[in-house]
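Asker: For reference, the structure I am asking about is given below.
The values are calculated or read from the model by the stated rules, or taken from the named source; none is laboratory data. Note that this is a predicted model, so its numbers are computed, not measured. Quick reminder, even Gly has a Cβ in these numbers, built from the backbone with ideal geometry, and neighbours come from all protein chains shown.
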Amino acid sequence: MRRGSVIGPLILIAIGVLFLMRTLAPQIQIWDLLATWWPFLLIGWGVLRLLEVVVQAAGGRPLSTNGISGGEWVLIVFICIIGSTAWAVHRHSWWSGGPWRGIVADMGENYEYTLPETTASAGKTPRVVIEAFRGNVRVTGADDTAAVRVDGHKSVKSLSQKEADDANRQTPLEVLSNGGQIIVRTNQDKANGRLRVSEDLEIVVPKGATIEGHGLYGDFDINGVNGGVDITSDNAGVRLQDIGGDVRVQLDRSDIVRAVGVKGKAELRASRGDDLELDNIGGAVTATGTWSGEVDLRNLAQTVKFEGQNVEFDAVKIPGQVRLSGSDFTGNDIVGPIRVSAQARDIQLTGFTQGLDLDVDRGDIELRPAKTGVPKMEVRVRSGDVDLALPPQAKFDLKASTDRGELRNEFGAPLEAHESDNGNAGSITGVVGNGPEVRIATDRGTVTVRKAGPEDEKAANEKPEKPERAEKPAGERVEN
């Protein structure tokens, strides 16, 4: 620094004061102070520099041609870099929720604490709100209670027992009553940002309760409540059973969403989901998102609207089953009108009624309508084979065509195959009785029309068995 400058000594004094504060008053967060107020170092430096110039001018001394020396500029650059980094680490999501937080939080060991049972009087039909937290929660409805009871255990990942004990004291479990609303609060946001606090909660609520849950990371398991359920989470597995009201689930990421025995409607959304299983839903179903695993829809009593990755599906109801697994789409006993739009899917539909609108980019199609009658069908395939098995006594008006492929009329008269001159295109047409229009077209593929045999009728009318599914352990998800 330039000779005669008071800046250097003042910086040494400031650093000494900070270390003295850390020694005499360790409760003061020096890092927080520096991260927030570091620009005042530059402001103070500039003010002092200006005062030096004024003093020099007043004393008649010649002014320096350089207001700030080269060494000082280097120091200013370092202060800016360090200050900006400190502020970003302190305030930005790098620390609070991003990769830096994950790296630090994964260090240390887990310290476990038992949560004492906490109870709040709730009446018979409370609204129970579980505030945003990290961990798993199981909610059970009980007939013999008018209170909300919560217990469980807490885990703190820390580098020391003392730090974990401090975090445990800072994050008490609270069950608060506010009129007809009960709030379950874990206070995890009050813990040191470097620590990872998670809790597994067991909650018993009155049978008539309505549940609202908010999570950061962890599973929700809710069983036996007559009210509705509303779940939102950044990353969660959700398992619902015997729910008397409507269900709404909105997730950023999920390994599984399962709902069994819901009397109301179900609205489900997952930005990145794996498995979806819905069984015995009384109300309308809407499921949207990217479901990369298995989708299993069974016994859905009202309208169904599914929007997934490269596939959309609508139906009036599903007394049977629809499954999406890998590149396969299979459905049995579906009441239409049915609409399916897909990019790359092999589709097999059996036992369907009341109309079909099918549009597929690439994939082979097998269609076996119910033996009670052939519904109106509009099927378009850009690349793939189509196999249509019609009941022998059905009535219909058929036109099935291919632009480039084979024609196979295994149904017989009165259907006729009409091939083009070059043999690469043609159609199968015919009218049997006074029935609905059946229109099938593939740009590239073989079209087969045949009479349904005993095996086709059996497949079209039998109830599929529920597939065995390996249960994924709770909490096994990749953090964002």
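Asker: In the list Q343, Q321, which residue meets the criterion of being within 29 Å of the chain's Cα centre (by Cα) and crowded, with 17+ Cβ neighbours inside 10 Å?
Answerer: Every option except Q321 fails the conditions.
Asker: What number of residues within the stretch 210-252 are of a type in the set (G, A, S) and within 21 Å of T288 (Cβ to Cβ)?
Answerer: If we filter the stretch 210-252 for residues that are of a type in the set (G, A, S), which is where we start, we get 213, 215, 218, 224, 227-228, 233, 236-237, 244-245.
The next check asks that each one be within 21 Å of T288 (Cβ to Cβ); those that pass are 213, 215, 228, 233, 236-237, 245.
Of the residues in that region, 7 qualify.
Asker: Right, another one. Looking for something over 23 Å from D403 (Cβ atoms) and either among the aromatic types (F, W, Y) or not assigned by TED's automatic domain parsing to the domain that holds T446 (or both) - is there at least one such residue anywhere in the stretch 350-365?
Answerer: Taking every residue of the stretch 350-365 in turn, at least one turns out to be over 23 Å from D403 (Cβ atoms) and either among the aromatic types (F, W, Y) or not assigned by TED's automatic domain parsing to the domain that holds T446 (or both).
Asker: Hey, among L324, L349, which residue is without any contact (Cβ under 8 Å) to a residue 60 or more places away in the chain, among the aliphatic types (A, V, I, L, M) and over 16 Å from P375 (Cβ atoms)?
Answerer: L324
Asker: Something else about it: Report yes if E199 is in contact with a Gly (Cβ under 7 Å, 6 or more places away or on another chain), assigned to a strand (DSSP E or B) and touching a residue at least 40 places away in the same chain (Cβ under 8 Å), otherwise no.
Answerer: Yes: the conditions hold for E199.
Asker: Right, something else. Taking only the stretch 114-163 into account, find how many residues are of a type in the set (K, R) and part of a loop (DSSP other than H, G, I, E, B).
Answerer: Residues meeting the conditions: 1.
Asker: Counting just the residues of the stretch 370-383 that are at pLDDT 95 or above and buried (at least 20 other Cβ atoms within 10 Å of the Cβ), which one comes out farthest from V431 (Cα to Cα)?
Answerer: Filtering first and then ranking leaves V381.
Asker: If A394 passes every condition in (1) in a loop (DSSP other than H, G, I, E, B); (2) among the aliphatic types (A, V, I, L, M); (3) loosely packed, with under 15 Cβ neighbours inside 10 Å but one, which one does it miss?
Answerer: (3)
Asker: Then there is this: Take the residues in the stretch 350-369 that are among the aliphatic types (A, V, I, L, M) and within 29 Å of the chain's Cα centre (by Cα); name whichever of them is surrounded by the most Cβ atoms within 10 Å (Cβ to Cβ).
Answerer: Taking the stretch 350-369 first, the residues among the aliphatic types (A, V, I, L, M) are 356, 358, 360, 365, 367.
In the following step, the residues that additionally are within 29 Å of the chain's Cα centre (by Cα) were identified as 358, 360.
Working: L358: 20, V360: 25.
Top of the filtered list is V360.
Asker: If you go through the stretch 346-353 one residue at a time, do you hit one that is of a type outside the set (A, V, I, L, M, F, W, C) and not in a strand (DSSP E or B)?
Answerer: Scanning the stretch 346-353, I find at least one residue that is of a type outside the set (A, V, I, L, M, F, W, C) and not in a strand (DSSP E or B), so the answer is yes.
Asker: With respect to K458, is the statement that it is on the phi < 0 side of the Ramachandran plot, among the basic types (K, R), assigned by TED's automatic domain parsing to the domain that holds Q321 and modelled with pLDDT under 90 true?
Answerer: Yes.
Asker: Still on this structure, please answer the following. So how many residues does the stretch 136-162 have that are acidic (D, E), surrounded by 15 or more Cβ atoms within 10 Å (Cβ to Cβ) and at pLDDT below 90?
Answerer: 0
Asker: Would you confirm whether or not the stretch 378-398 contains a residue that is basic (K, R), under 37 Å from the mean Cα position of the chain (by Cα) and in the same structural domain as I334 (by TED's automatic domain parsing)?
Answerer: Scanning the stretch 378-398, I find at least one residue that is basic (K, R), under 37 Å from the mean Cα position of the chain (by Cα) and in the same structural domain as I334 (by TED's automatic domain parsing), so the answer is yes.
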